[in-house]
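Chemist: Take this structure first; my questions come after.
The values are calculated or read from the model by the stated rules, or taken from the named source; none is laboratory data. Computed from a prediction, not measured in an experiment: that's the story for all the values here. Positions of Cβ are generated from backbone atoms using ideal geometry, with glycine treated the same way; all protein chains shown enter the neighbour counts. Remember, those area values only see protein heavy atoms, side chains included, never the ligands or the DNA or RNA. Shrake-Rupley method; radii C 1.70, N 1.55, O 1.52, S 1.80 Å.
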Amino acid sequence: MDVVIGIDTGTTATKGVATGPAGELRALTSVHYPLSVPGPGRAELDPEQLAAAAIKALVDVAKECRENGDRVIAIGLSAFLHALVPMAADGRPLGPLITWADNRAAEQAERIADKKALQARTGTPVHPMSPLTKLAWFAENEPGTLRDTPRWGGVKELVVAALAEAPFVVDLSVASGTGLYDIHSRQWDPEAVETARVRREQLAEVVPTTTSLRLKREVASAAGLDAGVPLIIGAADGPLANLGVGATPAGIAAVSLGTSGALRTVVDRPTSDEAGRLFCYALTEDRWVIGGAVNNAGSVVRWAGESFAAGFERPGAEGEDADERDAALLLEAAGVKAGSDGLLCLPYLLGERAPWWRPGLRGAYLGLRREHTRPHLVRAAVEGVCQQLALVRDSFDAEGNTLTEIRATGGAVASELWTGILASALDLPVAVADTPEGTALGACLLARHALGELPDLDEAAALVPISRHTPPNPDDAAFYRKLRPLVEQSALAVLDVVAELDRLAPEPLPGTEKAVHS
């Protein structure tokens with residue numbers, strides 16, 4: 001079988017898949033690495049580990065393809081957004097890779113003027129996650145590093161330098177998520193570049209997401225591939241996740257529910273959200289993804305398991321791993337009715353992004369009473385995440401983007417409690433896509449599009465099997481709709497309180513300055 005390999009570089013692992021012409025999975029691998037938290041608000045990765053993981057994932061998948069008797073005809077790349085790494089002129093990393101979860105640039109984001117004007121041009125909210133604000137942080141705190149570094153890039157530039165014989169390039173999709181690129185005039189935005197105090201020559205050349213590159217000979221040799229196999233530069237993970245779950249036709253949105261979450265839908269041109277609630281990133285030159293990302297999703301249940309279920313013992317629970325414990329907690333929480341008996345959770349354990357893009361948000365439980373138990377706390381946390389995604393969906397409605405269906409993917413959607421609450425909070429049917437690695441599959445499909453084998457990206461919807469449909473519960477949907485204004489009211493009302501708490505307790509909690517795994 002002729003297969004395409006997709007390499008998806010994520011925050012805690014690089015996934016490699018090989019798929020056939022109909023999207024069927026032929027090979028799969030995963031290479032993990034630790035996320036480092038070296039101080040308060042910091043979140044970094046070792047860029048050399050990321051580069052090595054991309055090579056290893058390619059080598060491992062290509063080996064499995066050979067064992068299957070399959071022929072690799074192309075490779076497609078996916079990378080997570082909003083990373084920043086200093087690089088030498090030859091592409092070698094010169095320091096740690098700063099991830100989207102790093103909040104060191106909070107002050108810079110707060111001080112940047114004309115936020116909505118910048119977002120309207122660049123499609124990226126002015127937020128500590130963005131390379132724009134991270135570069136502004138370097139300008140104020142390490143001006144010599146900013147000035148003397150030959151290249152500033154992100155995950156895609158790093159992986160391309162590791163895999164390809166190529167000039168300093170980045171795809172349109174990743175560029176559109178930097179906060180530095182004008183998505184309408186298709187050039188690095190002069191005002192954003194000046195705000196970041198970076199020189200234009202320090203940034204990569206922007207190329208279409210279908211651009212074909214040439215593998216390095218040593219990489220091709222290690223993978224047992226012909227050096228002429230095209231390496232398609234690909235796109236960012238969010239837009240590719242839409243493609244990978246078949247959520248490109250009008251009215252269909254994709255929800256990702258992993259450690260974090262996002263709601264996205266595809267439009268045919270770059271658009272500006274006047275209220276500044278939604279991002280807009282490229283999939284191809286004529287297909288764009290609008291939406292909002294939330295920092296907290298499956299991570300809140302994992303936190304609940306670590307915090308509320310220490311020593312959680314049940315018959316047969318000895319040796320239970322974290323995933324099994326999470327599933328047990330969700331099963332308990334399924335016995336609680338919608339609304340968690342008057343308990344409201346603001347699940348902002350890692351701050352929050354969409355739709356307000358306020359880095360100072362913190363988590364809280366409101367309405368807590370003695371009769372509330374662990375199942376109430378867990379269900380309220382899941383409801384809080386789904387309500388946050390529903391606020392993003394409300395922003396779609398305000399912009400005239402009507403949704404009719406949700407395609408969901410990610411580890412959390414294995415739980416019927418998650419999908420049931422999500423369907424009711426969004427008041428839309430949720431179809432669980434039966435694909436283990438939607439983003440990597442999206443990279444494969446975009447590569448086939450680049451080869452001319454998938455002319456219409458909407459055809460991908462027919463290639464993705466659906467394992468489960470969950471309709472909204474009308475009564476629960478009506479209840480969540482009434483409750484949603486209280487979520488926004490509560491979140492914004494406690495901003496001053498949590499700011500003062502941060503001032504009074506500036507030191508990190510014991511044991512948080514370490515490498516963590518997901």
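Chemist: Hey, got a sec? Which trypsin sites (Lys or Arg not before Pro) in region 109-193 land in a DSSP loop and have at most 14 other Cβ atoms within 10 Å?
Modeler: Hits after loop and neighbour filter: R186.
Chemist: Moving to a separate point now. May I ask you to compute the full-extension gain from H32 to W303, defined as 0.36 nm times their residue separation minus their alpha-carbon distance, rounded to one decimal in nm?
Modeler: 95.5 nm
Chemist: Size of the dipole of the chain about the Cα centre, Lys and Arg at +1 and Asp and Glu at -1 on the beta carbon, nothing else charged, in debye to 20?
Modeler: Magnitude of the dipole: close to 480 debye.
Chemist: Work out the FRET efficiency for R370 and E165 from their Cβ-Cβ distance, taking R0 = 60 Å, and round it to the nearest 0.05.
Modeler: 0.35
Chemist: Can you compute the modelled spin-label distance between E218 and T402, with each label point 7 Å from Cα toward Cβ, in nm?
Modeler: So the label points at E218 and T402 sit 5.7 nm apart.
Chemist: Moving on. To the nearest 0.05, what FRET efficiency results for E48 and A462 with a Förster distance of 60 Å applied to their C-beta separation?
Modeler: That gives a FRET efficiency of 0.90.
Chemist: Which shape class, rounded, prolate or oblate, goes with region 85-197 when its Cα gyration tensor gives a ≥ b ≥ c as root eigenvalues, a/c under 1.5 marks rounded, and past that a/b bigger than b/c marks prolate?
Modeler: oblate
Chemist: What whole-number value in Å² describes the accessible area per residue of region 108-230 for a 1.4 Å probe?
Modeler: Using a 1.4 Å probe on heavy atoms only, each residue of region 108-230 averages 38 Å².
Chemist: Taking Cα centroids, how far is region 13-58 from region 156-198 in Å?
Modeler: Comparing the Cα centres of region 13-58 and region 156-198, I get a distance of 21 Å.
Chemist: Largest first and in whole Å, what are the equivalent-ellipsoid semi-axes of the chain based on the Cα gyration tensor, each being the root of 5 times an eigenvalue?
Modeler: 34, 27, 23
Chemist: Would you please give the FRET efficiency between A89 and A227, computed as 1/(1 + (r/R0)^6) with r the Cβ-Cβ distance and R0 = 22 Å, to the nearest 0.05?
Modeler: So, using R0 = 22 Å, E works out to roughly 0.40.
Chemist: For a quick check of your reading of the filter: which GluC sites (Glu not before Pro) in region 327-414 sit in a DSSP loop and have no more than 10 other Cβ atoms within 10 Å?
Modeler: E371
Chemist: Give the residue from G452, H469, S299 lying farthest towards the positive end of the charge dipole for the chain; charges sit on Cβ (+1 for Lys and Arg, -1 for Asp and Glu) and the dipole is referred to the Cα centre.
Modeler: S299
Chemist: While we're here: Expressed in nm to one decimal, what extension gain is obtained for the pair D394 and R66 from 0.36 nm per residue of sequence separation less their Cα-Cα distance?
Modeler: 113.3 nm
Chemist: Could you please state, rounded to a whole Å, how far the C-alpha centre of region 432-503 is from the C-alpha centre of region 256-311?
Modeler: If we compute the Cα centre of each part, the gap is 6 Å.
Chemist: State whether region 317-419 is rounded, prolate or oblate according to the following rule on the C-alpha gyration tensor (a ≥ b ≥ c being the square roots of its eigenvalues): a/c under 1.5 gives rounded; otherwise a/b larger than b/c gives prolate, and the remaining case gives oblate.
Modeler: prolate
Chemist: Now for a separate question. May I ask you to give the solvent-accessible area per residue for region 375-475, in square angstrom, as obtained with a 1.4 angstrom probe?
Modeler: 33
Chemist: Okay, helix-only estimate at 222 nm for the chain: each DSSP H run of n ≥ 4 adds -39500 (n - 2.57), divide by all residues, round to 500 deg cm²/dmol; what do you get?
Modeler: So the calculated ellipticity at 222 nm is -11500 deg cm²/dmol.
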